[in-house]
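Q: Encoded as structure tokens, here's the structure I'll be asking about.
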Amino acid sequence: MAKDDVLIRIWGGRGSVACPGPKTVRYGGNTACVEVRCGPHLVIFDGGTGIRELGKALTAEAPVEADVFLTHFHLDHIAGLPFFATAYDARNRVHFHAARLDTALTLKTIVARMMSPPLFPVPVDEYRADVDFVDFSVGDRLEPHPGLVLETRALCHPGGACGYRLSWAGRTIAYVTDTEHPRDGSLDPNVQDLMAGADVAIYDATFTDAEYACYQGWGHSTWREGVRAADAAGVGTLVLFHHDPAHDDDAMDRIAADAEAARPGTLVAQDGMTLRR
Ligand SMILES: [Zn+2]
Ligand SMILES: [Zn+2]
């Protein structure tokens, strides 16, 4: 990998709940987790069940330093954190970041609550890595390492969610999940800010158009709205993400074909898929 390349690897592309099984082997069943390598820096978006496999893979690389950026605290985005081996390994450094959303609780308090009886037997204090929890405000510009910048914007989701626009060495990656598009046919200006000219945009494509009609207000979008937003923003590659667990591999194939016809080059996230930019 060239020094300034950005490598993106999908570890979990599902939304809502993990759905392993024979009908989802090709697209995968783990919930939201995306690894982004920016030169020497390791960024991880969300801590869904996909982060367990990522943590296992990182064990061979210890010591590692990782910055984990959460979009929000729904379980499909944090359920893997108690199983994230990287945070239990004293050789590592892990910085967790999350926006203050519609709650007075800090990020550390939320993770500590999840990792406490009777929900989970191992407390967050068992994280043996050098761990810190960073709360920020949506809209902040973050620079966790020199030259690695993340712009943040509020997304339209029950309880709030934070979208990210990562920039490194002239590459831009937008991570835009969980979000619902405006129902009046307009474009969400925050989503446009995040996606503007991005090389890659990872977008919440939970529903088909037909399904969306039944789920307005649930805080999720469609692949067709993803195409519309990406076209308007001049995105390079659109990656459909946060798949409904009800969509088996055959259903995902149909979505992939429809999206390819609408916007050639559109990718559908599959666990294990990698992109280099
Ligand atoms: Zn979600
Ligand atoms: Zn959510």
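Q: Picking from Leu155, Leu148, Leu81, which residue would you name as being in contact with a Cys (Cβ under 7 Å, 6 or more places away or on another chain) and either under 26 Å from Ala62 (Cα atoms) or not hydrophobic (A, V, I, L, M, F, W, C) (or both)?
A: On inspection, the qualifying residue turns out to be Leu148.
Residues are listed down the side, and each one gets a yes or a no for (1) in a loop (DSSP other than H, G, I, E, B); (2) among the acidic types (Asp, Glu); (3) crowded, with 24+ Cβ neighbours inside 10 Å:
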position	(1), (2), (3)
Ile10	no, no, yes
Tyr27	yes, no, yes
Glu35	no, yes, no
Leu42	no, no, no
Ala57	no, no, no
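Q: While we're here: Please name all residue pairs, on different chains or six or more residues apart, with Cβ atoms under 8 Å, provided the first residue is in the range 163-179 and is within 15 Å of His41 (Cα to Cα) and modelled with pLDDT of 95 or more and the second residue is surrounded by 24 or more Cβ atoms within 10 Å (Cβ to Cβ) and small (Gly, Ala, Ser).
A: Leu166/Ala174; Thr172/Ala198; Ile173/Ala198; Ile173/Ala201
Q: Does Gly15 satisfy the criteria of being closer than 30 Å to Met252 by Cβ, touching a Ser or Thr at 6+ places or on another chain (Cβ under 6 Å), within 16 Å of ligand 2 (Cβ to nearest atom) and small (Gly, Ala, Ser)?
A: yes
Q: Is the range 186-202 home to any residue that is within 16 Å of ligand 1 (Cβ to nearest atom), at positive phi and at pLDDT 95 or above?
A: No, every residue in the range 186-202 fails to be within 16 Å of ligand 1 (Cβ to nearest atom), at positive phi and at pLDDT 95 or above.
Q: Any residue at all in the range 76-90 that's of a type outside the set (Gly, Ala, Ser), surrounded by fewer than 16 Cβ atoms within 10 Å (Cβ to Cβ) and in a loop (DSSP other than H, G, I, E, B)?
A: No, the range 76-90 contains no residue that is of a type outside the set (Gly, Ala, Ser), surrounded by fewer than 16 Cβ atoms within 10 Å (Cβ to Cβ) and in a loop (DSSP other than H, G, I, E, B).
Q: Take the residues in the range 186-229 that are more than 17 Å from the chain's Cα centre (by Cα), under 19 Å from Leu166 (Cα atoms) and among the hydrophobic types (A, V, I, L, M, F, W, C); name whichever of them is farthest from ligand 2 (Cβ to nearest atom).
A: Filtering first and then ranking leaves Ala196.
Q: Which pairs have Cβ atoms under 9 Å, sit 6 or more apart or on different chains, and link a residue in the range 74-97 that is basic (Lys, Arg) to one that is more than 16 Å from ligand 1 (Cβ to nearest atom) and in a strand (DSSP E or B)?
A: Arg93/Glu65; Arg93/Ala66; Arg93/Asp130; Arg93/Val131; Arg93/Asp132
Q: Ok, one more. Take Thr71 and tell me if it is buried (at least 17 other Cβ atoms within 10 Å of the Cβ), within 16 Å of ligand 2 (Cβ to nearest atom) and of a type in the set (Val, Ile, Thr).
A: Here the answer is yes, as Thr71 does meet what is asked.
Q: Looking at (1) surrounded by 15 or more Cβ atoms within 10 Å (Cβ to Cβ); (2) closer than 27 Å to Gly226 by Cα; (3) not hydrophobic (A, V, I, L, M, F, W, C), which is the one condition that is false for Pro158?
A: Against the list (1) surrounded by 15 or more Cβ atoms within 10 Å (Cβ to Cβ); (2) closer than 27 Å to Gly226 by Cα; (3) not hydrophobic (A, V, I, L, M, F, W, C), Pro158 comes up short only on (1).
Q: Here is a check on your reading of the model: is Phe45 over 11 Å from the mean Cα position of the chain (by Cα) and within 15 Å of ligand 2 (Cβ to nearest atom)?
A: So Phe45 does not fit the description; no.
Q: Now for a separate question. Filter the range 160-195 for residues that are farther than 19 Å from Gly219 by Cβ and of a type in the set (Val, Ile, Thr) and give the result.
A: Of everything in the range 160-195, those that are farther than 19 Å from Gly219 by Cβ and of a type in the set (Val, Ile, Thr) turn out to be Thr172, Ile173.
Q: Ok, one more. Within the range 107-137, work out how many residues are in contact with a Lys or Arg (Cβ under 8 Å, 6 or more places away or on another chain) and part of a loop (DSSP other than H, G, I, E, B).
A: Within the range 107-137, the first condition is being in contact with a Lys or Arg (Cβ under 8 Å, 6 or more places away or on another chain), and the residues that meet it are 119, 124, 129-131, 133, 135-137.
Filter once more, keeping what is part of a loop (DSSP other than H, G, I, E, B): 119, 129.
Adding up the residues that qualify gives 2.
The values are calculated or read from the model by the stated rules, or taken from the named source; none is laboratory data. Everything numeric in this text was worked out from a predicted model, so none of it was measured. Note that we place each Cβ from the backbone using ideal geometry, even for glycine, and neighbour counts take in every protein chain shown.
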